[in-house]
Structure formats: structure tokens, C-alpha cells
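Handing you this structure, nothing more for now.
Every number here is computed from the coordinates shown, using simple stated rules; none is lab data. All of these numbers come straight from a predicted model, not from anything done at the bench. No Cβ is skipped: glycine too gets one built from the backbone with ideal geometry, and neighbour counts run over all protein chains shown.
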């Protein structure tokens, strides 16, 4: 019997990253017989109150309820329960078998499937399948489920190529993190053209990107219509529901082309899609430092 009593999903970035960590945590907790706790904090681009806008139902009730602050999830709970040892798993860490005996709780932060595939009986493919299984058990918000069901091109996605282009992928940021994400649209076009005349589903929060894709691919391009465009804050109910709908439609495509982003990574995990990662316009040395994290 493992000593670990809690697996904590603890993430501070956007929707894709939080979904990946949640699904990994749910799968690990089920596998080792632990309880999964969720930290869904309030950050600059995602409201801590947003979880009920996306999902619902009793499955989410046992999770840790925190909506403000950047405290590591579960520390108060661990103190109150007399538990003392917490293992943090970040993007460069791997969970080892003896961690399950040495710690009371495992906290997954920016973990990837490879981070827990080192455990006995685990492998990367099995961890990915477990993520998809866990997502299927999450009850979607009725507005999200209805919009997906009513999407007129739903049946076409099984033969389509999915692509995600974030607004920030086209900006020349000064920070080292964002320099590793810059990708010119022509490189997306070239990658997609290698797949022939198949339909293309585009998820993007940039109206300029949608217009350029429409000019290039014409009627082959499929999108989820927007009647508004989100700003740098994604804290609105309507904006987040739009984002989740796009992510889940992207997940229905068997092949996804994207740059370094957790949004298409989450879609590929949920849909068990092939994930084609485009290297950004950065130096080889910069890309090598981060490539392992972005690969699935």
C-alpha cells in the first residue's frame, strides 16, 4: 500500500496546462488509491471561479476549493491532517517508485506524461490513454456540451487536420520564454499543405490569423464562429467556454499541428491525436532547452 494519500493538481497558467495537470493527477490518484485534490487559482488570465463554467457534477466536489492566491495547494490540509511530506513534480522532474512510500502527498505542477511514466506498470502510452479516460468521466457544462453537439461540421473533424495558432505566437517578445514560441504563419501553411487537400480546423484567439488562414485555404478551413474576441484577460464565462469548445473540437482531429503550447497538447491527450510540434523561430540551443517539455 502506497503511503501517498493525496495527489494534488497545482497549476497557475492557462486552460490547456491546467487540464493536463488535472488529468494526470486524476489518473495517478486512481492508480495508487489516493485522493485527488485540485488547486484552480485566480491568475491574470484565468479566473479561479471558472471551473463551474466548464464542468459540473459531483465528480468535482471532493476537490480542494481555492480561488485566490498562489499558495501551493494542500499545505494547510496537510498540516491539519498531520501529514508532513510533500513531493513537488515540475517539468524537469520524474516521479520515482520510492516517492510513493516516502511522501504523504504528490503535487503535480507542470508535469508531463513522461514524468509519471517511470513508475512500475506505467508507460507513456498508458498514461496518455488514462488522461483520455479521465476526461471522458468529467461532466461538461451543459452550454459547452450543447455547443459542441450543434457544431455543423462535427462529422468532418474525423478526417481533418487540426491546428492551433495563439495570438502570442506571432509576437516578438523580449522574454526568453516567449522567444521560444514565435512561429511565422507561412510555416504553419507549409506544414498543413503537406497533408494534401484535407479539411483544416483552426483554433485561434486572433481574428487576423483566422482571416489569413481563410485567404490561404478557402472553404477547406473550419472554425468555431466567434461573435466576440477575447482580450488578454480570459476571465469571462463566455470566453472560457469558447476556448474549451475549441479545444474539444481540436481533440476530434486525428492529427494536430501546433507550436509550443499546452492548449493543443491537452487536445491531443484528450483525443489521443497525433501531435506534430512545429519548432519556433529561435536558436537551436534555446529550442533544445525546452523541446523535451513540449513534446508529448
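What distance in nm lies between label points placed 7 Å from Cα along the C-beta direction at residue 85 and residue 129?
For the pair residue 85/residue 129, the computed spacing is 3.2 nm.
Kindly rank 256-268, 146-158 from highest to lowest mean number of other beta carbons found within 10 Å of each residue.
256-268, 146-158
Quick check: pseudo-label points 7 Å beyond the Cα along Cα→Cβ at residue 42 and residue 13, how many nm apart are they?
Inter-label distance under the simple model: 2.3 nm.
Would you mind checking segment 184-201 for residues with the amide N under 12 Å from a putative spin-label position 7 Å along Cα→C-beta of residue 156?
198-201
Round to a whole angstrom and tell me the spacing of the C-alpha centers of segment 132-160 and segment 24-51.
That distance is 21 Å.
How do the peptides 184-190, 204-210, 244-250 rank, highest first, by the average count of neighbouring beta carbon atoms within 10 Å per residue?
244-250, 204-210, 184-190
Residue separation times 0.36 nm, minus the C-alpha to C-alpha distance between residue 288 and residue 195: what's the value?
30.8 nm
Treat each spin label as a single point 7 Å out from the Cα along the C-beta direction, and report the residue 216 to residue 94 distance in nm.
Modelled inter-label distance: 3.7 nm.
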